[in-house]
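Inspection log for the structure reproduced underneath, given as structure tokens.
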Amino acid sequence: MEPSRESGRGARPEVWVNCAASFDGRLAYADGARARLSSPEDLVRVQTLRRDSDAILVGVGTVVKDDPSLRVHWELLGEPVGRNPTRVVVDGSGRTPESARVLDTTASTIVATSRRSTRRFPAHVRVVVCGERRVEIPELFRRLHDLGVQRMLVEGGAEILSSVLRSGLFDRFTVYTAPVGIGGATAPPILAGPETHGPDETVDLRLVGIERLGEGLVATYTPRRDPPARTALPR
């Protein structure tokens, strides 16, 4: 794929969305409690994606609940320690904990926020303002491209995945499906956000690959730029 894409008024990075989910499409347990859904084989796959990315993007909800480091686990790849990608946190209201690992100095960090946030971050953290009340994804992607991010991995959580998938501002989406079911009313789904009232509001994808990985499956999709034909089901 090309290193950047046109997005509205400017270029954006090449965006790869990735997640692991249960077979019923849940990202975590009830109320967002962390679920380790990736198999050992999938963990290696994810580290490869991280290694090959300029930046990794997550939402502040993931930072608050899971406190990820967002670094490359080189030991899983069997490779010497190399460059870690830039960590990008979408935090429109300034909720990132002061003790969060994404604010340490082991890798560069960008916090994307809105004009309503009064939060001050450490001097080594770059802050970009992309919106009035919330972070606007198209503007953020343009700003990241301007800052030199050519390839970006989007890892979650549910709100960020939904925002990026619904916006269509991505080039590839991979999901590892674990052989477990979670169910319930509060476990976050891959696609959250507003209700879908009809076919014009769906997120349409094109399946380009599927493979078995450990005990699960990895499916790879690209956005369907041209709307698929809608065929009415017989009554």
Among the candidates 135, 128, 208, single out the residue that is within 20 Å of the chain's Cα centre (by Cα), buried (at least 17 other Cβ atoms within 10 Å of the Cβ) and either at pLDDT 95 or above or more than 30 Å from residue 93 (Cα to Cα) (or both). 135
List the pairs whose first member sits in segment 121-143 and is on the phi > 0 side of the Ramachandran plot, whose second member is part of a loop (DSSP other than H, G, I, E, B) and surrounded by 18 or more Cβ atoms within 10 Å (Cβ to Cβ), and whose Cβ atoms are under 9 Å apart, counting only residues at least 6 apart or on separate chains? 131/92; 131/114
Within segment 107-117, the residues that are surrounded by 21 or more Cβ atoms within 10 Å (Cβ to Cβ) and under 13 Å from residue 69 (Cβ atoms) are 109
Test result for residue 34, of a type outside the set (Val, Ile, Thr), in contact with a helix residue (DSSP H, G or I) (Cβ under 9 Å, 6 or more places away or on another chain) and over 23 Å from residue 178 (Cα atoms): no
For residue 157, only one of the following conditions fails: (1) touching a helix residue (DSSP H, G or I) at 6+ places or on another chain (Cβ under 8 Å); (2) more than 23 Å from residue 20 (Cβ to Cβ). What is its number? (2)
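Yes or no, residue by residue, for (1) basic (Lys, Arg); (2) modelled with pLDDT of 95 or more; (3) in contact with a helix residue (DSSP H, G or I) (Cβ under 8 Å, 6 or more places away or on another chain):
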position: 6; (1), (2), (3): no, no, no
position: 12; (1), (2), (3): yes, yes, yes
position: 19; (1), (2), (3): no, yes, yes
position: 29; (1), (2), (3): no, yes, no
position: 42; (1), (2), (3): no, yes, no
position: 52; (1), (2), (3): no, yes, no
Being in contact with a Pro (Cβ under 7 Å, 6 or more places away or on another chain) and closer than 19 Å to residue 157 by Cβ is the filter here, so list the residues in segment 35-55 that pass it. 50, 53, 55
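The values are calculated or read from the model by the stated rules, or taken from the named source; none is laboratory data. Computed from a predicted model, the values in this text were never measured in an experiment. Note that we place each Cβ from the backbone using ideal geometry, even for glycine, and neighbour counts take in every protein chain shown.
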